[in-house]
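Taking it in order: structure first as structure tokens, then the write-up.
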Amino acid sequence: MSSVVIQIDHLSKHYRLGVIGGKRLVDDVSRCWARLRGHDDPLSKVGGAVRSQWSENIASNATSTDRPAPNSEMLWALRDVCFEVNQGETLGIIGRNGAGKSTLLKILSRVTAPTSGEVRVKGRIASLLEVGTGFHPELTGRENIFLNGAILGMTKSEIRMKFDEIVAFSEVENFIDTPVKRYSSGMTVRLAFAVAAHLDPEILIVDEVLAVGDAAFQKKCLGKMGDVARGGRTVLFVSHNMAAVKTLCTKGVLLKDGAVWQIGDAAAVVGIYLQAGMVGEHECSWPDPASAPGNQSVRLLRACVRPPDSAPVITIDTGAIIQVDFHCAEPGLNLDCTIYLVNQEGILLFESGCDVSTSEDSKVGTYQLSSVLPPHFLNAGRYSLNVLFGQNQKFVLFKLDEVVAFEVENTATGRGHNMAVSPGIVRPLLNWQYRHFSDSRNGVNRPTTAIR
Amino acid sequence: MTTKPEQLIVPAPSRSGSDRKSAGVKWRPKSSAFRSQPCDWDLIIRAKTGWFDLHLADLWRYRDLVMLFVRRDFVSQYKQTILGPLWFIIQPLLTTLTFTVIFGNIAQLSTDGLPKILFYLSGVTAWSYFADCLTKTSETFNANANIFGKVYFSRLAVPVSIVVSNLIRLGIQMGLFLGFYFYFLARGAAIHATQALWLLPLLILLMAALGLGTGIIVSSMTTRYRDLRFLVQFGVQLLMYSTPMILPLSKIPEHYRWIMVANPMTSIIETFRYAFLGTGTFSWLHVGYTAGATTILLGVGVLLFNHVEKTFMDTV
């Protein structure tokens, strides 16, 4: 019989926008003074965000609108999240950026406190929101293993017991007494993960730490996570890598706008996320040309990146369609529009443009440009699109960065059963041929050719 | 064609997912969503816990971490320096020499009839321990935000480790002091140890607690008011001039003396001198006052620190 090890009960967390960091003594004094006189908090724009009024706030906020008003200073990172995790389950937490995954993990790892609600936990929790927390560059690998292990909650004797195992796993035996600042970044990550992998908690919380290192190392990490899960430990796993979630997790939770949207069998939840998750989000539009970004010559009306009609979501196998709508207000320009595709690391993948008019004959009105990103081209990951309008191929009329962002989901195409995201910027599906030369000495070598 | 997400969702055992969308929001204040289980939970993460919910047992659980932090501070501080830990000795030595030349020889300030070097060195040793504890712990939250943002461990482990690693430093500096002490004793200077020497462990404990308490108060406040960081340096200097480090308490005019006595470090330095050198103002009243003030400061500090640590990641 499986027993409940984590109970998340009406968990909510909000952040106040804008004022964070700008707090000064003057503000606090005026706030206190107002409270003493029984007035509203003068600095709160949402009707008295005084601590004792939090619950009323939540209620009024929640009933009036489902989402907070756009100009509200409250950001609900989590709203009323309830679910349970049983012992031995591997729970995948998925959702778009900003859905509340990281906030949930932060609360579970006690890095920050919730606004309301409770989490009840049975057993020792270890969380890996990052590998190598607290590594000190001046210390040697050996000293860092102890320091990092202790930060993650191990005692000295536990670390000493597992020390050889950790060193073997990290493959840095020869450098163990060298300061970490002399390590390559790959070695540092391997050492850090090795420590983390040898934590022995009853509950392990993992953020996307697996997105580090090379492919072989990613595979090793995923394998280790699988081992942990099979050993009867409970694992909470946050990832954008759907292939990994599907393979590793038994149960999935889909978060949307801070609330639990779907919970159940991992494969089913991933399916729902892939079908429903992205629709409409890769679009940015300004229906009113007067307020649209741009200038007196040209204004951007809409930009979107969407999967082709046959597919519900952009994956490596589907490719995507890019569409840019803009309004031209000045006739007789040599107008061109260029898009820049930038990946998560900020690397510009390519630029591609279209001359709207080549002989000073642009017309007043709305233009719609569209193009197809072929399948098996972009690797899995998150991309953003910059749009630039130019004149005569010389002058920049107007440029807007990060107009839309979109995600390309990982698939296993061409990778066998390996669910890790392949390294590299592009992911072409190459048509490989091979020839085989046998070692036989009698007669001429006769190559055998095959086409896969 | 794009499909609306709602239509694709199969009913799942969710309590707050799709049903919430259609039926409007049902806010259930505080009633647990789960049948009550006869469970003993190891950990409950809550919005607000009491001011006195201190998790001091956690600090004990992380004692290995404290010692590793101490080691880290010690090792990393003097890596790639030629003189290494010798700096522990050079710093107070240079300060003492400066004081001896400027205040003792040029300004001809009184040292209660004690050898100048011993007089200043005793003050510098005691004061620098307190001041180092204070300034270093006051950086706790801001300096460790990146670690605190990723892993939970007893946050007090950091300031406590600073106090402990400074204790090693104090030990080395005490060795320096004792060297000079025996040198002057052998040369027949008019100094003699007194019974107050038995109070030495208490004095060190008080200095540590005072530095820690004040430091974590400042640290907790700086998460909201960054301005304090600039004030700390100045404040420490100001405090220094209100201790008998340069002028013995006995030479302070009567009606200004209370200012100095109000500084809890005063009686520690005076008692320290009295214990080793036999001259100085020793009064149980002053020591008692220091002990009381230290207890209050440390208590307030721990409470504030504990209160701030839960949400400081959102404000730092």
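Given H placed 1.01 Å from N in the peptide plane, which residues other than close sequence neighbours of A:LEU373 have an amide H under 5 Å from its amide H?
The list, which skips near neighbours in sequence, is A:ALA320, A:ILE321, A:ILE322.
At 1.4 Å probe size, put A:LYS256, B:LYS251 in order of accessible surface, largest to smallest.
So the residues, ranked largest to smallest area, are B:LYS251, A:LYS256.
Give, in whole angstrom and from largest to smallest, the semi-axes √(5λ) of the equivalent ellipsoid of region B:174-316, with λ running over the eigenvalues of the Cα gyration tensor.
34, 16, 15
Given the Cα atoms of region B:120-181, and with Rh set as the inverse mean 1/r over their pairs in the Kirkwood sense, what is Rg to Rh to two decimals?
My calculation of the ratio gives 1.14.
Under 10 Å, Cα contacts only: if you run a Gaussian network model on chain B, which one of B:VAL158, B:VAL124, B:VAL101 comes out with the highest mean-square fluctuation?
Maximum among the listed residues: B:VAL101.
Pick out, in residue order, every one of the trypsin sites (Lys or Arg not before Pro) in region B:130-217 that is DSSP loop and has at most 14 other C-beta atoms within 10 Å; say none if there are none. Mind dumping the intermediate values first?
Values: sites: B:LYS136, B:LYS150, B:ARG155, B:ARG169, B:ARG187; in loops: B:LYS150, B:ARG155, B:ARG187.
Within region B:130-217, the qualifying trypsin sites (Lys or Arg not before Pro) (loop, at most 14 other Cβ atoms within 10 Å) are B:ARG187.
Using all alpha carbons of chain B, what is the percent of pairwise distances in each 10 Å bin, ordered from the shortest bin to the longest?
5, 21, 26, 19, 11, 6, 5, 4, 2, 0, 0
Residues with beta-carbon under 15 Å from that of A:GLY332, excluding A:GLY332: net charge, scoring Lys, Arg +1 and Asp, Glu -1? Don't skip to the end; give the middle numbers.
Values: positive: A:LYS363; negative: A:GLU330, A:ASP336, A:ASP355, A:GLU360, A:ASP361.
Taking every Cβ under 15 Å from that of A:GLY332, the sum is -4.
Other chains near B:193-204: what is the mean number of their Cβ atoms within 10 Å of each residue's Cβ?
Mean partner-chain Cβ count within 10 Å for B:193-204: 0.
Mind giving me the nanometre distance, one decimal, between the label points for B:ASN142 and A:HIS436, set 7 Å out from Cα along Cα→Cβ?
Here the modelled spin labels are 6.9 nm apart.
Pull up all non-local amide H partners of A:ARG427: gap of 5 or more, or a different chain, and H-to-H distance under 5 Å with H placed in the peptide plane.
A:PHE377, A:LEU378, A:ASN379
Lys/Arg Cβ at +1, Asp/Glu Cβ at -1, dipole of region A:285-408 taken about the Cα centre: which of A:HIS327, A:ALA290, A:VAL313 is farthest positive-ward?
A:ALA290
How tilted is helix B:264-277 with respect to the longest principal axis of chain B? Cα atoms for both, answer in degrees (0 to 90, nearest 10).
40 degrees
Take peptides A:161-168, A:229-236 and line them up by average Cβ neighbours within 10 Å, highest first, as a rough protection proxy.
Going from most to least packed, we get A:229-236, A:161-168.
Looking at region B:39-93, which trypsin sites (Lys or Arg not before Pro) are DSSP coil and have at most 15 other C-beta atoms within 10 Å of their C-beta? Please list the in-between numbers first.
On the way: sites: B:ARG46, B:LYS48, B:ARG61, B:ARG63, B:ARG71, B:ARG72, B:LYS79; in loops: B:LYS48, B:LYS79.
Counting only loop positions with at most 15 other Cβ atoms within 10 Å, the trypsin sites (Lys or Arg not before Pro) in region B:39-93 are B:LYS48, B:LYS79.
For region B:213-219, what does the Karplus curve 6.51 cos²θ - 1.76 cosθ + 1.60, with θ = phi - 60°, yield as ³J(HN,Hα) per residue in whole Hz, taken in order and with x for Gly and Pro?
Working through the residues one at a time gives x, 4, x, 6, 5, 4, 4 Hz.
Ignoring everything but the protein chains, give the 1.4 Å probe accessible area of B:TYR62 in square angstrom, nearest 10.
20 Å²
Counting partner chain Cβ atoms within 10 Å of every residue's Cβ in A:126-138, what's the average?
Counting Cβ atoms of other protein chains within 10 Å of each residue's Cβ and averaging gives 4.
Calculate the tail of P(r) for region A:285-408: the fraction of all Cα-Cα distances greater than 17 Å, expressed in %.
56 percent
What order do you get for B:129-135, B:234-240, A:296-302 when each peptide is scored by the mean count of other beta carbon atoms within 10 Å, highest first? Intermediate results must be reported in sequence, preceding the final value.
Numbers: B:129-135: 23.4, B:234-240: 14.3, A:296-302: 19.1.
Descending packing order for the listed peptides: B:129-135, A:296-302, B:234-240.
In degrees between 0 and 90, to the nearest 10, how far off the longest principal axis of chain B does helix B:227-241 point, with axes built from Cα atoms?
20 degrees
When the gyration tensor of region B:54-181 is built from Cα positions, what are the square roots of 5 times its three eigenvalues, in whole Å, from largest to smallest? Could the numbers behind the result be given before it?
Details: eigenvalues 244, 46, 34 Å².
Equivalent-ellipsoid dimensions as semi-axes: 35, 15, 13 Å.
Roughly how much of B:TYR256 is accessible, in Å² to the nearest 10, using a 1.4 Å probe?
Probe radius 1.4 Å; accessible area of B:TYR256 about 130 Å².
Just to compare against my own numbers: the Cα pair-distance distribution for region A:84-276, 10 Å bins, whole % per bin, please.
9, 35, 34, 17, 4, 0
Setting aside same-chain residues fewer than 8 positions from B:LYS79, which aspartates and glutamates have a Cα under 13 Å from its Cα?
A:GLU138
Taking all protein chains together and a probe of 1.4 Å, list A:ASP317, B:ASP227 from the most accessible to the least accessible. Don't skip to the answer; put the middle values down first.
Numbers: A:ASP317 60, B:ASP227 100 Å².
Largest to smallest exposure gives the sequence B:ASP227, A:ASP317.
Decide, for region A:216-258, between rounded, prolate and oblate: order the square roots of the alpha carbon gyration tensor eigenvalues as a ≥ b ≥ c, take rounded if a/c falls under 1.5, and otherwise choose prolate if a/b is larger than b/c, else oblate.
Verdict is oblate for region A:216-258.
Output ³J(HN,Hα) for region A:236-251: one whole-Hz value per residue in order, computed from phi by the Karplus curve 6.51 cos²θ - 1.76 cosθ + 1.60 with θ = phi - 60°, and x for Gly and Pro.
Values, residue by residue: 10, 10, 9, 7, 9, 8, 5, 4, 5, 4, 4, 6, 8, 8, 8, 9 Hz.
Using only atoms on other chains, find how many Cβ atoms lie within 10 Å of each Cβ of peptide B:221-230 and report the average.
Mean shielding count: 2.
Could you work out, for region B:115-228, what percent of all Cα-Cα pairs fall into each 5 Å distance bin, beginning at 0 Å and stopping at the bin that holds the largest distance?
Bin by bin from 0 Å, the calculated values are 2, 11, 18, 19, 15, 11, 9, 7, 5, 3, 1, 0.
The values are calculated or read from the model by the stated rules, or taken from the named source; none is laboratory data. Keep in mind it's a predicted model, so treat the numbers as computed, not measured. Ideal geometry is used to build each Cβ from the backbone, glycine not excepted, and the neighbour counts take in all protein chains shown. These area figures cover heavy atoms from the full protein model, side chains too; ligands, DNA and RNA do not enter into them. Shrake-Rupley method; radii C 1.70, N 1.55, O 1.52, S 1.80 Å.
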